[in-house]
Amino acid sequence: MSERTVFQSMAQRHVLSVYSTATIYNAACVMTRANVGGILVIDDDKLLGIITERDLMTKVLAKAVNPAVATVAEVMTPNPITVAPSTKVTDAVVMMIERGFRHLPVINEAGKILGVFSARDALPREINNAVELTEFHEQVNDALG
């Protein structure tokens, strides 16, 4: 059986986004209504960043930033790493494990934003494969010094 791609695995195939000028409060409301852990920040059809639950916790709550006043641009993760829709799920999960994030914007060759691949979209089998591959990479790196 061939491995699924990130696009095949995405639970939601529509783009949830806010403008960079939106308040953090508005972004959190969009995320809550859609029951997602992250949304894209897009201005003029250009991906500027992503705002996630982790951003809200570490950059807003932990720093007592007023979400009704501060904008998404102030706390988003700018220029997120993206993947093509044909990226294998295991490769995407390895990337997320190694780099410490759980959301990857999916963009096609024409530059069209297709949505976000989340760690939730991966099956346990694929997560296990990615963990094993990550552990192998660590062993190789340790061996090479």
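Please go through the range 63-88 and pick out each residue that is under 21 Å from ARG99 (Cβ atoms), part of a loop (DSSP other than H, G, I, E, B) and hydrophobic (A, V, I, L, M, F, W, C).
The answer is MET76, ILE81, ALA84.
When the range 1-25 is examined, which residues are found to be in contact with a Leu (Cβ under 9 Å, 6 or more places away or on another chain), polar (S, T, N, Q) and not in a helix (DSSP H, G or I)?
SER17, SER20 - these are the residues of the range 1-25 that are in contact with a Leu (Cβ under 9 Å, 6 or more places away or on another chain), polar (S, T, N, Q) and not in a helix (DSSP H, G or I).
Of all residues being within 13 Å of VAL41 (Cβ to Cβ) and not polar (S, T, N, Q) in the range 60-85, which is surrounded by the most Cβ atoms within 10 Å (Cβ to Cβ)? Just the residue, please.
Taking the candidates together, the pick is VAL72.
Tally time: how many residues in the range 94-134 are at pLDDT 80 or above and part of a helix (DSSP H, G or I)?
Residues in the range 94-134 being at pLDDT 80 or above and part of a helix (DSSP H, G or I): 9 in total.
Within the range 11-26, track down each residue that is within 15 Å of the chain's Cα centre (by Cα) and either surrounded by 19 or more Cβ atoms within 10 Å (Cβ to Cβ) or without any contact (Cβ under 8 Å) to a residue 12 or more places away in the chain (or both).
Answer for the range 11-26, where residues must be within 15 Å of the chain's Cα centre (by Cα) and either surrounded by 19 or more Cβ atoms within 10 Å (Cβ to Cβ) or without any contact (Cβ under 8 Å) to a residue 12 or more places away in the chain (or both): SER17, VAL18.
Please determine, by comparing only the residues of the range 44-59 that are surrounded by fewer than 13 Cβ atoms within 10 Å (Cβ to Cβ) and not β-branched (Val, Ile, Thr), which one is modelled with the highest pLDDT.
MET57
Pairs only if they're at least six apart or on different chains, beta carbon under 9 angstrom, first in the range 129-145 and in contact (Cβ under 8 Å) with a residue 60 or more places away in the chain, second surrounded by fewer than 10 Cβ atoms within 10 Å (Cβ to Cβ); list them, first residue then second.
That search, which allows pairs on different chains as well, returns nothing.
The values are calculated or read from the model by the stated rules, or taken from the named source; none is laboratory data. Note that the structure is a prediction, hence the values are computed from the model and not measured. Please note: Cβ atoms are built from the backbone with ideal geometry, for glycine as well, and neighbour counts cover all protein chains shown.
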